[in-house]
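These notes concern the structure reproduced below.
The values are calculated or read from the model by the stated rules, or taken from the named source; none is laboratory data. Source: prediction; values computed, not measured. We place every Cβ from the backbone using ideal geometry, glycine too, and count neighbours over all the protein chains shown. SASA here: full protein model, heavy atoms, side chains in, ligands and nucleic acids out. Shrake-Rupley method; radii C 1.70, N 1.55, O 1.52, S 1.80 Å.
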Amino acid sequence: MKLSILGQIKRDRIFLLLLAPTMIFYIMFRYVPMFGITISFMDYNLFKGIAGSPWVGLKYYRMFFENPDARIIIKNTVLLGFYKLLFGFPAPIVLALMLNEVRSMLFKRFVQTVSYMPYFLSIVVVASMIDMFLSPSTGWLNHALQSMGFPAVNFLQEPGWFRTIFVSSEIWQQVGWGSIIYLAAVTTIDPQLYEAARMDGAGRLKQIWHVTLPGLATTVAIMFLMQVGQILEISFEKVFLLSNAATYDTSDIISTYVYRIGLLQGNFSYGAAIDLFMGVIGFALVYVSNRISRRFSETSLW
Amino acid sequence: MKQRTSLFDIVNVLILALFACTMLFPFIHMAAVSLSSAEFVVGNRISIWPKGINFDAFAAVLSDKRILTGYKNTLIYVVLGTTLSLIVTTMGAYSLSRRNLVFGKTFMLMIVFTILFSGGMIPTYLTVRNYHLLDTIWAMVIPNLVTAFNLIIMRTFFQGIPRELEESGKIDGLSDAGILTRIVLPLSKPVLLTVMLFYAVQIWGNFFSALLYLRNADLYPLQVIIRNIVMMGVISDITVSSALGDKKVVLESLKYAVILVGTLPILLFYPFIQKHFIKGAMMGSVKG
């Protein structure tokens, strides 16, 4: 017996009621802003509101692409994402492989516990720690450098160091947490495969190469595609906290630029135009990578 | 089967031990400096062991009004936000876990779409502004009320509860709401705890909302205070309060004490709650 839509609504009324706050939240705070993006086609004025502001077509998009800043911040965003993927993606896999070879459960558990911890620190705390450790006068890193006879480096004021600092701090924070999924995948590998490999005379490294890694291949591929999809989703908070005017050549990314130029200086339409440009590219990246992932495995984001 | 300890094992354990040290060193160093007396800190003689142990830096930090206000505000945001988020997410996830919910697929699609595409910083800011939430405690709670990730974790968990249990509840005369509170929720304690912790950690560390939506210093959460003191060097109040005693506290020890005070709750609870986080990480990786 199939109920009509109205009948189904009546049957599910309790569930619709329970779901209502969630959906109201999504509409008010996720969908309304999506439509708010129309201000990027207007000369938005805070006091006149959307209804009273004049339409200007693609003015702000043209303005962005003609601005020499655009090239720099797009390049910085892409490079930061690329380096994070290049170094940050293999790190948890290596960690999981090494942890998997540890015989002492106690030691393994200890390393795991310690390595997950930074993931739960707030970004402000991590940025504050970096700020202190890298200080040219009081930070321990410069003390260490100086005691080895090198000159002190003002790391956070030099554009050449920004990407290294950002990527390594991201790895420090996320490598342990990222390894969880690979450690779980390792446990699904059939122990008989290791047995067989040993019979064939494979040493530990060869077992990793010929048994563990192939066993992880699907997980690795899926995680890789997911992370490629999110390559431009760089922590605004961390970049914002670690960057300063001296390093904008490498540290100014799209979101920090939108915050500074769009929000702080009140160029809302201009900022919203960059937001939309960013959003569309981000969407395309996630969508495509997820489609590929779905094609060659059962797993996908949705 | 006992295997010999090979060179491979030794190298592996050594590298991992070194790795564990890089994870721990920052905390130990911060603790050492903040506990050491001024003359040793100024002379750069502290690495991992405190010298001239004293608690002056912590006393100064804990008597600073901004830190206390920040702590209070953060606690309010965490308690209020976690409670609301957990309730709303649980109700939503339970409904969405029902296979034949009317428009269920549409609702789910709407939620997943927000992971892929968002209005961006400026339109979101203007929306929150239009709702008159700027400079209210709600600005720290409502704009991130539901996280799709947490919703999906919960929904996946609810879907795993056998239908027979609900059917039997129905036969015993329970209403739909009764099934949720009497049967489903008691079975879901692990996932409720996990999602609660994810929300709490997220709100605890939330700097973004405060940066965008708060101008009133009385509402600043701890994260903003930490940033102002450590990174922007706004230290006047503390130096005044620490000068009350005649002992001198070095700026560096003070800043490290601020960072540690702001991290302490998570460091203290972490060993006991980590297994719940790990469960969440595994559930989140399952297809939603």
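Do the conditions hold for A:Ser269, that is, is it in contact with a strand residue (DSSP E or B) (Cβ under 9 Å, 6 or more places away or on another chain) and either within 14 Å of A:Gly81 (Cα to Cα) or of a type in the set (Gly, Ala, Ser) (or both)? Considered against the rule, which asks whether it is in contact with a strand residue (DSSP E or B) (Cβ under 9 Å, 6 or more places away or on another chain) and either within 14 Å of A:Gly81 (Cα to Cα) or of a type in the set (Gly, Ala, Ser) (or both), A:Ser269 comes out as yes. Just one of (1) in a helix (DSSP H, G or I); (2) closer than 30 Å to A:Trp209 by Cβ; (3) open to solvent by 50 Å² or more (accessible area, probe 1.4 Å) fails for A:Gln146. It is (2).
If the condition is being at negative phi and assigned to a helix (DSSP H, G or I), then the stretch A:34-59 contributes A:Met34, A:Phe35, A:Gly36, A:Ile37, A:Thr38, A:Ile39, A:Ser40, A:Phe41, A:Ile50, A:Ala51, A:Gly52, A:Lys59.
Residue count for the stretch A:119-132 under the criterion of being within 14 Å of B:Thr22 (Cβ to Cβ) and at the interface with chain B (Cβ under 7 Å from one of its Cβ atoms): the result is 1. Restricted to the stretch B:107-118, and to residues there that are of a type outside the set (A, V, I, L, M) and at pLDDT below 95, the residue that is surrounded by the most Cβ atoms within 10 Å (Cβ to Cβ) is B:Ser118.
If you go through the stretch B:122-132 and pick out every residue that is open to solvent by 20 Å² or more (accessible area, probe 1.4 Å) and in a helix (DSSP H, G or I), you end up with 4. For the structure I just gave you, tell me whether B:Asp135 is over 22 Å from the mean Cα position of the chain (by Cα) and either at pLDDT 90 or above or open to solvent by 20 Å² or more (accessible area, probe 1.4 Å) (or both). Considered against the rule, which asks whether it is over 22 Å from the mean Cα position of the chain (by Cα) and either at pLDDT 90 or above or open to solvent by 20 Å² or more (accessible area, probe 1.4 Å) (or both), B:Asp135 comes out as no.
If you filter the stretch A:148-185 down to residues that are among the small types (Gly, Ala, Ser), more than 18 Å from the chain's Cα centre (by Cα) and under 24 Å from A:Tyr119 (Cβ atoms), you find that the one that is farthest from the other protein chains (Cβ to nearest Cβ) is A:Ala185. Taking the stretch A:204-302 as the region of interest, the helices (runs of 4 or more DSSP H) fully inside it that hold 1 or more residues being closer than 27 Å to A:Gly57 by Cα, within 11 Å of another protein chain (Cβ to nearest Cβ) and open to solvent by less than 20 Å² (accessible area, probe 1.4 Å) are A:254-257, A:268-296. In the set (1) farther than 18 Å from B:Cys21 by Cβ; (2) part of a helix (DSSP H, G or I); (3) open to solvent by 40 Å² or more (accessible area, probe 1.4 Å), A:Ser137 fails one condition alone, (2).
Filtering the stretch A:186-204 for residues that are of a type in the set (Lys, Arg) and more than 19 Å from A:Ile123 (Cα to Cα) leaves a non-empty set.
Considering only the stretch A:186-200, state which residues are among the aliphatic types (A, V, I, L, M), over 28 Å from the mean Cα position of the chain (by Cα) and in a helix (DSSP H, G or I). Result: A:Leu193, A:Ala196, A:Ala197, A:Met199.
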